[in-house]
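Trainee: After the structure tokens below, expect a handful of questions from me.
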Amino acid sequence: MNKAANANRGPAIADGELRPDSSLSPEAVRALIRAGRYTGATSGLAPGYVQGNLVILPRDVAGDFLAFAQQNPKPCPVIGMSETGSARVPTLGATIDLRTDLPRYRVWKHGELIAEVSDILSYWRDDLVSFVIGCSFSFEEALIEDGIPLRHVSCGANVAMYRTNIACAPAGAFAGPMVVSMRPLKPADAIRAIQITSRFPAVHGAPVHIGKPEQIGIEDISKPDYGDPVEVKDDELPVFWACGVTPQAVIGAAKPAFAITHYPGSMLITDKRNSQLSAF
């Protein structure tokens with residue numbers, strides 16, 4: 001059943017109008033999402049808990065994708081993987097159902113985006129393998145706790161994300177460009193951000209580029225490929241981190257027969273603590 005059918009179970013939570021209380025547990029937020037009562041971005045929800053990007057592929061190409069992720073740990077750090085045909089990843093949360101517990105999904109055929117939906121029950125197959133990939137929302141919490149301001153958070157916007165000319169290492173059927181997320185920071189904050197995010201290799205780690213977006217193939221920083229545009233002020237540097245949306249660009253290039261991903265910014269909220277991903 002599509003989440004929209006559950007709208008009569010309680011007051012709707014419309015994207016951009018009302019968000020679940022930040023004091024709710026991950027399980028409680030997932031319950032709201034599963035019931036169709038929230039379909040927006042997940043940044044700031046269930047503070048302290050890991051969020052993840054999602055990639056779901058048929059078993060016949062899942063091995064190639066796992067090899068691709070292992071070859072490209074900066075953009076594709078795998079933090080959880082399902083058994084074939086299972087919508088569960090128990091290491092990330094006993095009650096998680098990958099078919100319903102993300103606010104929005106994207107469905108792909110032969111590299112073409114064919115649908116954006118609020119659940120994937122009607123698309124589910126017994127041959128699917130799911131990968132959960134670390135998300136920069138985890139290190140954002142550490143940056144904010146250190147007093148580093150993040151403009152997209154203060155504005156209530158999604159982070160700006162861009163395709164680059166940085167080629168990922170190919171593996172099997174998969175190859176393509178790295179996607180990066182950008183946060184404008186003052187130089188001193190940028191230096192501190194490098195130190196902080198280096199502690200989180202499971203969620204992209206340190207930046208891959210600072211300043212001069214044209215050097216990584218970004219022609220107009222005001223026009224992100226995913227997410228929302230964020231102003232870069234004259235006294236700031238654009239700081240770029242490898243991003244878990246990279247598999248979506250790679251799926252577009254590799255054109256597997258079938259794939260499902262999260263909608264950028266609408267992540268899986270897990271029961272794992274961000275502190276568990278810190279390397280030191």
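Trainee: Hey, can you tell me all the residues within the stretch 129-160 that are among the acidic types (D, E) and either in contact with a Phe, Trp or Tyr (Cβ under 6 Å, 6 or more places away or on another chain) or without any contact (Cβ under 8 Å) to a residue 12 or more places away in the chain (or both)?
Mentor: Of everything in the stretch 129-160, just one residue is among the acidic types (D, E) and either in contact with a Phe, Trp or Tyr (Cβ under 6 Å, 6 or more places away or on another chain) or without any contact (Cβ under 8 Å) to a residue 12 or more places away in the chain (or both), namely E145.
Trainee: Sticking with this one: Which condition does S154 not pass, out of (1) over 30 Å from R192 (Cα atoms); (2) hydroxyl-bearing (S, T, Y); (3) not assigned by TED's automatic domain parsing to the domain that holds G48, if it passes all the others?
Mentor: (1)
Trainee: Of everything in the stretch 177-199 that's under 21 Å from the mean Cα position of the chain (by Cα) and surrounded by fewer than 22 Cβ atoms within 10 Å (Cβ to Cβ), which residue is farthest from S275 (Cα to Cα)?
Mentor: P177
Trainee: Scanning the stretch 253-280 for residues that are surrounded by fewer than 17 Cβ atoms within 10 Å (Cβ to Cβ) and at pLDDT below 95, which turns out nearest to V117 (Cα to Cα)?
Mentor: Within the stretch 253-280, the match that is nearest to V117 (Cα to Cα) is A253.
Trainee: In the stretch 220-240, what residues are over 17 Å from T164 (Cβ atoms) and without any contact (Cβ under 8 Å) to a residue 24 or more places away in the chain?
Mentor: D234
Trainee: If only one of P90, P75 is under 17 Å from the mean Cα position of the chain (by Cα), in the same structural domain as I33 (by TED's automatic domain parsing) and either free of Cβ contacts under 8 Å to residues at least 60 places away in the same chain or part of a loop (DSSP other than H, G, I, E, B) (or both), which one is it?
Mentor: Within the list P90, P75, the selection yields P75.
Trainee: Name the residues in the stretch 46-61 that are aliphatic (A, V, I, L, M), surrounded by 22 or more Cβ atoms within 10 Å (Cβ to Cβ) and closer than 24 Å to K109 by Cα, would you?
Mentor: Listed by number, the residues that qualify are L54, V55, I56, L57.
Trainee: If I ask for residues that are surrounded by 13 or more Cβ atoms within 10 Å (Cβ to Cβ) and part of a helix (DSSP H, G or I), which ones from the stretch 112-134 would you list?
Mentor: Scanning the stretch 112-134 gives L121, Y123.
Trainee: Next up: Take the conditions under 20 Å from P77 (Cβ atoms), among the aliphatic types (A, V, I, L, M) and surrounded by 14 or more Cβ atoms within 10 Å (Cβ to Cβ) and apply them to I210. Does it pass? Give the derivation first.
Mentor: Details: under 20 Å from P77 (Cβ atoms): no; among the aliphatic types (A, V, I, L, M): yes; surrounded by 14 or more Cβ atoms within 10 Å (Cβ to Cβ): yes.
In short, no.
Trainee: While we're looking at this one, here's another question. Take T42 and tell me if it is under 27 Å from F240 (Cα atoms) and of a type in the set (S, T, Y).
Mentor: Spelling it out, T42 is indeed under 27 Å from F240 (Cα atoms) and of a type in the set (S, T, Y).
Trainee: So, restricting to strands (runs of 3 or more DSSP E) that lie completely within the stretch 195-280, which ones have at least 3 residues that are small (G, A, S)?
Mentor: Passing ranges: none, list empty.
Trainee: So, in the stretch 135-169, how many residues would count as being within 18 Å of V239 (Cβ to Cβ), in contact with a strand residue (DSSP E or B) (Cβ under 7 Å, 6 or more places away or on another chain), among the small types (G, A, S) and not in a helix (DSSP H, G or I)?
Mentor: Qualifying residue count, the stretch 135-169: 2.
Trainee: Whether any residue in the stretch 144-160 is at pLDDT 95 or above and closer than 25 Å to F65 by Cβ is what I want to check.
Mentor: Among the residues of the stretch 144-160, not one is at pLDDT 95 or above and closer than 25 Å to F65 by Cβ, which makes the answer no.
The values are calculated or read from the model by the stated rules, or taken from the named source; none is laboratory data. All values reported here derive from a predicted model rather than from experimental measurement. Don't worry about glycine lacking a Cβ; one is built from the backbone with ideal geometry, like all the others, and counts go over all protein chains shown.
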